[in-house]
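The values are calculated or read from the model by the stated rules, or taken from the named source; none is laboratory data. Note that this is a predicted model, so its numbers are computed, not measured. Cβ placement follows ideal geometry from the backbone for every residue including glycine, while neighbour counts extend to all protein chains displayed. All accessible areas refer to the heavy atoms of the entire protein, side chains included, with ligands and DNA or RNA removed. Shrake-Rupley method; radii C 1.70, N 1.55, O 1.52, S 1.80 Å.
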Amino acid sequence: FTIAVIAREDGSGTRDCFDTAMKTVNSSFTMKDDVATYNSTGGVTSAVNSTPGSIGYVNLNAVEHLSSGTKSISVDGITATADTVIDGSYEISRNLVLATNGEATGMTAFFLNWVLSEDGQEIVEEAGFVRIA
């Protein structure tokens, strides 16, 4: 039985998150050259859905697009959900960081306040990210 490994392309944020998580367990981890790589989450999801014996990784939002025969994998008994990402019990996740050069003022401050508002956080969720707790 052969396992088909499906991954994001080198340089994608999702790939970076996965590689970083793997390196915390095994500092010498590197993705093998012979894995099938895709330049989108949709490509990975489609490949995993249609390839028997495959395994891949996608962002949390993509889990809902897995076909009925495809399952997400729990890590240490913890299923990936918005709640388990927020409370830190699902450990394979990363934060999105907004940064400014100095104190935010003007339109930058307006934008940051909007992103943190209820309206902004609803759009964050609609885009497939986990809202700030």
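Per residue, the chain exposes 70 Å² of accessible surface when a 1.4 Å probe is rolled over the protein heavy atoms with every protein chain present.
Couplings for the range 108-119, taken from phi via the Karplus curve 6.51 cos²θ - 1.76 cosθ + 1.60 with θ = phi - 60°, read 5, 5, 4, 4, 4, 5, 5, 4, 7, 6, 4, 4 Hz in order; Gly and Pro are left as x. The stretch between LEU112 and SER40, if pulled fully straight at 0.36 nm per residue, gains 23.2 nm over its current Cα-Cα span.
Of the trypsin sites (Lys or Arg not before Pro) found in the range 1-93, those that fall in a DSSP loop while having at most 15 other beta-carbon atoms within 10 Å are LYS32, LYS71. Estimated at 0.36 nm per residue, the fully extended path between ASP33 and SER93 surpasses their Cα-Cα distance by 19.2 nm. Rounded to the nearest 20, the size of the Cβ-charge dipole of the chain about its Cα centre is 420 debye, with Lys and Arg at +1 and Asp and Glu at -1. When the alpha-carbon atoms of the range 1-98 are used, the pair Rg, Dmax equals 13.4, 44 angstrom. About its Cα centre, the dipole of the range 80-125 is roughly 240 debye, where the only charges are +1 on Lys and Arg Cβ and -1 on Asp and Glu Cβ. Distance between the pseudo-spin-label points of ASN101 and THR24 (7 Å out from Cα toward the beta carbon): 3.2 nm. 3J(HN,Hα) couplings calculated from phi for the range 65-72 with the Karplus curve 6.51 cos²θ - 1.76 cosθ + 1.60 (θ = phi - 60°) are, in sequence order, 9, 6, 5, 4, x, 9, 10, 7 Hz; Gly and Pro show x.
Taking amide H as placed 1.01 Å from N in the peptide plane, TYR38 has its amide H under 5 Å from the amide H of ALA7, ARG8, GLU9, each at least 5 places away in sequence or on another chain. For VAL35, what charge total do you get from the other residues with a beta carbon under 11 Å from its beta carbon, if Lys and Arg give +1 and Asp and Glu give -1? Surrounding charge for VAL35 is -1.
The apolar share of the surface of the range 23-117, taken as the fraction of accessible area on carbon and sulfur atoms (1.4 Å probe, ligands and nucleic acids excluded), comes to 53 percent.
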